[in-house]
Amino acid sequence: MKLALAIAFSSFAIAAGAGSAAAQSDPLVGAWTIVSVGDVQPGKTTPLYGEQPAGLLIFDAQGRYSLQLCASGRPKYAAGDRTKGTAEEYRANAIGCNPHWGRYTLDEGKKVIVFKIEHAMFGNWESTTQNRTYTLENGTLRYAVPNPPVGGANPIVVWKKAE
């Protein structure tokens, strides 16, 4: 048993060391918290997930990512059971969250993040590849969503590197 634990710990330490080398070369690796998601139109910006959205974006050194984004103030289910919601509760919660995850690559020369979405709450995004033109400055990641799940929107998403 002690030998198995020692081997497992050694494997983890080796993997962590390899991951930290990759993390140094990929500026996205780590955790990010949402700052804003705005529909940017000429002359105005409209928050798509409310004034104080909640979100977490994690990039790992092996090329995986996980993104959770939710509107603040989503309604709770009156029945206390998500399988017994009203049409309004289901709608508000489905529109108010946009999680997806999969793999990513970074093209620093072209300033593009390529999301290879494996799964998403918005089913139309599953098994798709999406490019996000980005800027990264002073711990702030900003990118545009060219094919948003809301027709006609022009979302700009802003994240801050978690400390």
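Listing for the model above:
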{"quantity": "Simple Cβ-charge dipole of the chain, Lys/Arg +1 and Asp/Glu -1, about Cα centre, in debye nearest 20", "calculated": "100 debye"}
{"quantity": "Rounded to 10°, Cα long-axis angle of helix 2-25 versus longest principal axis of the chain", "calculated": "60 degrees"}
{"quantity": "Under-30-angstrom lysine pairs by C-alpha in the chain, whenever the two are 8 or more apart or on separate chains", "calculated": "13"}
{"quantity": "Positive minus negative residues near Pro155 (Lys, Arg vs Asp, Glu; Cβ under 13 Å)", "calculated": "+1"}
{"quantity": "Values of log10 I(q)/I(0), in the order q = 0.08, 0.11, 0.16 Å⁻¹, for the chain under a Debye, Cα-only, solvent-free model", "calculated": "-0.30, -0.54, -0.98"}
{"quantity": "Sparse-neighbourhood loop sites, trypsin sites (Lys or Arg not before Pro) in region 85-151 - DSSP loop, at most 11 other Cβ within 10 angstrom", "calculated": "Lys110"}
{"quantity": "Sparsely packed GluC sites (Glu not before Pro) within region 37-128, loop by DSSP, other Cβ within 10 Å at most 14", "calculated": "Glu51, Glu108, Glu126"}
{"quantity": "Computed [θ] at 222 nm, helices only, for the chain once each DSSP H run of length n ≥ 4 contributes -39500 (n - 2.57)", "calculated": "-7000 deg cm²/dmol"}
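Quick note: the coordinates plus some simple rules give every number you see, no bench work behind them. Note that the structure is a prediction, hence the values are computed from the model and not measured. As a convention, Cβ positions derive from the backbone with ideal geometry for all residues, glycine included, and neighbour counts pool all protein chains shown.
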